[in-house]
Structures are given as C-alpha cells and as structure tokens.
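Heads up: the structure comes next, in structure tokens.
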C-alpha cells in the first residue's frame with residue numbers, strides 16, 4: 001500500500017497526504033481521500049486473489065488476519081468478508097475470516113511458542 005501511495009503521489013494525484021505515507025495513514029485518510037481509498041481498494045483486490053487461491057488449495061476452516069495493517073484494513077473488508085463466507089467449500093461448511101485478538105503481538109507470541117517447543 002505504501003508503494004502504491006508513493007507512485008500515486010509521484011503522479012501528482014490529488015491527496016491530503018504528503019511525503020512518505022504509511023499504511024496506517026492511508027487507512028485513516030481513506031474515508032475522505034480518494035487517493036488513499038484507491039490504494040486500499042488495490043490492496044483488497046490483491047488480498048481477494050490471495051484468499052481465493054488459498055481457499056482452493058488448502059480449504060481452511062478459518063483465516064485469521066493479524067497485525068496493525070489488518071486492524072487498519074478491517075473496516076474496509078466488509079465486501080471481501082461477505083464474499084469469503086459465501087464461497088462454497090467442498091465439505092459444505094462455511095468459511096470464516098476473523099481479526100486476531102493479539103494484534104501486533106501475534107508474531108512475537110508465535111515465535112515464542114515455536115522457540116519453547118510447544119509445536120514440536
């Protein structure tokens with residue numbers, strides 16, 4: 001998202017954002033800034049393609065989004081969540097897409113669990 005914002009700002013697309021833009025800034029500005037919303041829409045389409053592939057290869061019961069970017073994007077994922085839940089599974093069960101309760105700490109906790117031998 002940050003690279004997409006940098007490219008759009010280089011092309012002088014109108015935006016209230018200036019300089020180096022972070023994903024958090026894009027998520028915060030998206031309700032009123034069309035350039036930021038375009039970056040988010042592009043990220044959501046890439047996420048949809050990845051989820052589609054993931055779904056058809058592994059058929060997961062549950063997909064958990066974690067981290068700060070996931071929390072920032074979550075309000076914009078309504079249509080994607082509806083699509084994923086409506087996507088049919090081979091076994092008839094429903095797909096679930098949820099936001100991690102661990103937020104930015106998910107990777108740290110996972111690494112600690114692996115290091116402690118919990119998953120051996």
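The values are calculated or read from the model by the stated rules, or taken from the named source; none is laboratory data. Everything quoted here is computed from the prediction, not taken from an experiment. Glycine gets a Cβ as well: all are built from the backbone with ideal geometry, and neighbour counts include every protein chain shown.
Right, residue 47: in a helix (DSSP H, G or I), modelled with pLDDT of 90 or more and closer than 16 Å to residue 84 by Cα or not? Judged against the criteria, residue 47 is a match. Taken over the range 74-94, residues that are within 25 Å of residue 1 (Cβ to Cβ) and either part of a loop (DSSP other than H, G, I, E, B) or in contact with a strand residue (DSSP E or B) (Cβ under 9 Å, 6 or more places away or on another chain) (or both) amount to 7. Could you give every pair whose Cβ atoms fall below 6 Å, whose first residue belongs to the range 97-119 and is at positive phi and in contact (Cβ under 8 Å) with a residue 60 or more places away in the chain, and whose second residue is assigned to a helix (DSSP H, G or I) and exposed (fewer than 13 other Cβ atoms within 10 Å of the Cβ), counting only separations of at least 6 or pairs across chains? Listed pairs, sorted by first residue: none to list. When we screen 26, 12 for residues that are in contact (Cβ under 8 Å) with a residue 24 or more places away in the chain and either in a loop (DSSP other than H, G, I, E, B) or closer than 30 Å to residue 96 by Cα (or both), the only hit is 26.
If only residues of the range 53-73 that are in contact with a helix residue (DSSP H, G or I) (Cβ under 9 Å, 6 or more places away or on another chain) and in a helix (DSSP H, G or I) are counted, the one that is modelled with the highest pLDDT is 73.
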